[in-house]
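**Q** For reference, the structure I am asking about is given below.
The values are calculated or read from the model by the stated rules, or taken from the named source; none is laboratory data. Keep in mind it's a predicted model, so treat the numbers as computed, not measured. Note: ideal-geometry Cβ built from the backbone for every residue, glycine included; neighbour counts use all protein chains shown. Please note that ligands, DNA and RNA were not included when accessible areas were found on the heavy atoms of the full protein model with its side chains. Shrake-Rupley method; radii C 1.70, N 1.55, O 1.52, S 1.80 Å.
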Amino acid sequence: MSFPTIPQITPTISINRIQVVNLLLASIALEEIGLAHIINAEGEKMQAALGTLSGLSATASSFTGLISIDREVRRTLETVLKNQMLLQFKLEEILDIPGGSPPPRPSTFESVGSAWSVGEDFGTGNAQYTTLESDENEKTVALGLGHDHIPIGTVHMQRQGNFLAVTYTTDYPYYMDEVQLYVSNEAPEDSNPGGFTNKHKVTDPDDYFNTYTFMVDVTAYAGDMLYIAAHAHIYKGII
């Protein structure tokens, strides 16, 4: 039995109050999963002692042994119950945390350069591409800014039938004014994003966005590994 984990968490994270609350709630859910495994294991222990567990012939050697096993199971379940009470208190405290309001939209913006889906280098500059294996349904990589590929958001890729949904998301206070996307079954060579087939651009700062999704028809690449290069021009908001 492996310990449950929260996916897509790296040592470098930037989260707001709402995300903190969601992570705390997720931690309670994961602890509940762990306790459920313990309860299930104790149930199977009793089944084994009684000889009713499928695939196992071992049983308690005597009535005294059965009573001893029952006592240990009871002690374990009492400990689980105590943990359940603590989780209830934790849940009540979390639900009392003020959710806070969304961060204010910046009044001005400063261009800070290009960001790419982090993966393998290609072409010139800080261009990089990632891949989605033929047996992978979805994947999330960092959206890296500049030559050091500083993580300022994510690029999430998900197969949806004959389409591939690619979602760009930036962390506050970063925004995008244009995004370009390359998707093929061959690795990209030209790192000029202006030549990519999938594009979206706005010019009014009021329209700068922090999330955008492309829906790309990948019928022609059925069964193939996909090469994805996601580019965005980034602005940093100034309050």
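**Q** Among Ala60, Ala48, which is in contact with a helix residue (DSSP H, G or I) (Cβ under 7 Å, 6 or more places away or on another chain) and at pLDDT below 85?
**A** On inspection, the qualifying residue turns out to be Ala60.
**Q** Moving on to the next point. Inside the stretch 63-83, can you point out the residues that are at pLDDT below 85, of a type outside the set (Ser, Thr, Tyr) and open to solvent by 80 Å² or more (accessible area, probe 1.4 Å)?
**A** Listed by number, the list holds a single entry, Phe63.
**Q** Give me the strands (runs of 3 or more DSSP E) completely within the stretch 148-239, filtered to those with at least 3 residues that are on the phi > 0 side of the Ramachandran plot and hydroxyl-bearing (Ser, Thr, Tyr), ordered by residue number.
**A** Where strands (runs of 3 or more DSSP E) fall fully within the stretch 148-239, none carries at least 3 residues being on the phi > 0 side of the Ramachandran plot and hydroxyl-bearing (Ser, Thr, Tyr).
**Q** Can you tell me which residues in the stretch 208-228 are closer than 10 Å to Asn162 by Cβ and at pLDDT below 95?
**A** Ala222
**Q** While we're on this one: Are any residues in the stretch 138-147 open to solvent by less than 50 Å² (accessible area, probe 1.4 Å) and part of a loop (DSSP other than H, G, I, E, B), and if so, which ones?
**A** Gly146 - this is the single residue of the stretch 138-147 that is open to solvent by less than 50 Å² (accessible area, probe 1.4 Å) and part of a loop (DSSP other than H, G, I, E, B).
**Q** Now a separate question. Within the stretch 87-113, how many residues turn out to be open to solvent by less than 70 Å² (accessible area, probe 1.4 Å) and among the aromatic types (Phe, Trp, Tyr)?
**A** 1
**Q** Go through the stretch 17-37 and give me each residue that's touching a residue at least 40 places away in the same chain (Cβ under 8 Å), farther than 26 Å from Pro104 by Cα and open to solvent by 60 Å² or more (accessible area, probe 1.4 Å).
**A** Of everything in the stretch 17-37, those that are touching a residue at least 40 places away in the same chain (Cβ under 8 Å), farther than 26 Å from Pro104 by Cα and open to solvent by 60 Å² or more (accessible area, probe 1.4 Å) turn out to be Glu31, Glu32.
**Q** Hey, Leu86 hits all of (1) hydrophobic (A, V, I, L, M, F, W, C); (2) within 30 Å of Leu143 (Cα to Cα); (3) modelled with pLDDT of 85 or more but one; which does it fall short on?
**A** (2)
**Q** It is to be established whether one or more residues within the stretch 114-137 are at pLDDT 95 or above, surrounded by fewer than 13 Cβ atoms within 10 Å (Cβ to Cβ) and part of a strand (DSSP E or B).
**A** no
**Q** Between residues in the stretch 208-225 that are within 17 Å of Val155 (Cβ to Cβ) and residues that are open to solvent by 60 Å² or more (accessible area, probe 1.4 Å) and part of a strand (DSSP E or B), which pairs lie under 8 Å by C-beta distance while being six or more apart or on different chains?
**A** Here the result reads Met215/Gln160; Met215/Phe163; Val216/Phe163; Val218/Phe163, each pair linking the stretch 208-225 to a residue that is open to solvent by 60 Å² or more (accessible area, probe 1.4 Å) and part of a strand (DSSP E or B).
**Q** Is there any pair with a first residue in the stretch 142-159 that is within 19 Å of Glu110 (Cβ to Cβ) and without any contact (Cβ under 8 Å) to a residue 60 or more places away in the chain and a second that is open to solvent by less than 60 Å² (accessible area, probe 1.4 Å) and of a type in the set (Gly, Ala, Ser) whose Cβ atoms are under 7 Å apart and which are 6 or more apart or on different chains, and what are they?
**A** Hits for this filter: Gly144/Ala115; Gly146/Gly113; Ile150/Gly144.
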